[in-house]
Amino acid sequence: MPTAFRRTARRATLATLSGLLGAGLLTAVATAPPAQAATTCSGTAAIYGVLPDNRLTFSTITPATGELKKVVLGADLGFEARAMATLNFNTVLVTSTAGALYRLDVLTNNTSLVLERPPVKLFDSGWTHDKLTYDGHGHLYGTAGGLLLQYLVSQPKPTGSAHIGQRREIGSGFVLKTLAAVGDDRLLATTSAGALLSYKIGSDGGWSRDDLKTSGWSAFDQVVSPGGGLYYGRIATTGAMYWYKDANPADGSGADIAYHNDTPVNTGGWTQQLLSAQPETFSCTTSVDPLDGTDIPAVKAAGRDLMNKHDGGAWNSTTQWNCLSQLWDRESGWRYWADNPNSTAYGIPQALPGSKMDAFGDDWRTNPVTQIKWGLSYIDGRYGTPCAAWTHFLDNNWY
């Protein structure tokens, strides 16, 4: 792994912050604050990339903290890449500088990244797009010469014009620095002047635009989103990657975007010339019947259910549950209003500061489900399993 991807500075920051978790005795306010509408988020952030030497990369980021979890490198693609879009976990579309469109069939795990077969050329020419992005709902978007184009992708592994077609010109004047899909026919873009823009594409091909920010985003040459209002931006000059959480990506406002500039994914090392997030691996849902957070047995039951489902059921065991149950018994008593008097740690997992949990829902102060999902993601990215986190707590009195 190139030194460019090392996380030394990032780990040092997290170690300092994490060292305060669990330190000191925790107290809770006398009464729990009233619950609000329950909007919770969950999932992962998976990003494919192409290095300047045309090797493929695959990275995962822990949504709870923005920490880079892993990065693996693959083989040379055999052609000079120009634009890319991720269709699903093992299918990526990449254009060449010669105007061809290729399908990459990817096989990856924690240690390796290979192509199941050589790149499959779907089109010999005509794909001169400078940007591509896929919305996860059948629509592939691209820009070429300021023209925004939409295509229908009808198969998870398209084989050519039979599965990528219905070319539609959405409009001209789309001279954008970055382009990313953030949901069903929803796009996020930045301009060279630093504006952050949101587009909604209608079923008839019409579109509307919201100006989320008028400035401040000019440094990013790559912006990607795994969905759920989670945005990642790469600065080309330093290779740094920063992350942001939009509480409501559909409201047309940038006022509710949380900036996590104090805890970047990395301060350097992201040297890929292209980046593309797997769409909709991170999502948010709103419940009209939120869990009664004052019913601790019910909260713990929800916690076990969420733990059992985490990472495809990898933690679904009595052993892991016993570790998680004891860990958060000690930290907070599973109270969503638990407040550490010696720090700004808050909630069931004692996030420090509590506002970190906004990545998993803007109701992080009062929704135990939001807090539990954040806590599971934190444990996964930091320790790997609840038992590893519990062991660390027993040795150090923090996790």
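Quick rundown of the values:
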| quantity | calculated |
| --- | --- |
| Only one of Gly171, Gly136, Gly165, Gly145 that is closer than 21 Å to Ala189 by Cα and modelled with pLDDT under 95 | Gly145 |
| Among the residues listed as Ala195, Ala181, the single one being surrounded by 20 or more Cβ atoms within 10 Å (Cβ to Cβ), of a type in the set (A, V, I, L, M, F, W, C) and closer than 24 Å to Gly227 by Cβ | Ala181 |
| The one condition in (1) charged (D, E, K, R); (2) surrounded by fewer than 23 Cβ atoms within 10 Å (Cβ to Cβ); (3) at pLDDT 95 or above that Glu331 fails to fulfil | (2) |
| Hits in region 367-399 - residues which are farther than 29 Å from Ala247 by Cα, assigned to a helix (DSSP H, G or I) and of a type in the set (A, V, I, L, M, F, W, C) | Cys387, Ala388, Trp390, Phe393, Leu394 |
| Positions within region 154-178 being crowded, with 18+ Cβ neighbours inside 10 Å and over 23 Å from the mean Cα position of the chain (by Cα), in sequence order | Pro158, Ile164, Ile170, Phe174 |
| Long-range neighbours under 7 Å by Cβ, at least six apart or interchain, first residue more than 13 Å from Gly227 (Cα to Cα) within region 238-253, second basic (Lys, Arg) | Met241/Arg234 |
| Pair list, Cβ under 7 Å, 6 or more apart: region 145-165 residue in the same structural domain as Val175 (by TED's automatic domain parsing) and within 15 Å of Gly126 (Cβ to Cβ), other residue assigned to a loop (DSSP other than H, G, I, E, B) and modelled with pLDDT of 95 or more | Leu147/Ser172; Leu147/Phe174; Ile164/Pro158 |
| Odd one out for Asp363 among (1) part of a helix (DSSP H, G or I); (2) in contact (Cβ under 8 Å) with a residue 60 or more places away in the chain | (1) |
| Positions within region 345-360 being at pLDDT 95 or above and part of a loop (DSSP other than H, G, I, E, B), in sequence order | Gly347, Ile348, Pro349, Gln350 |
| Residue satisfying condition, being surrounded by fewer than 15 Cβ atoms within 10 Å (Cβ to Cβ) and polar (S, T, N, Q), within set Ser203, Ser225 | Ser203 |
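The values are calculated or read from the model by the stated rules, or taken from the named source; none is laboratory data. Since we're looking at a predicted model, the values are computed, not measured. With ideal geometry, Cβ positions are generated from the backbone for all residues, glycine too; neighbour counts draw on all protein chains shown.
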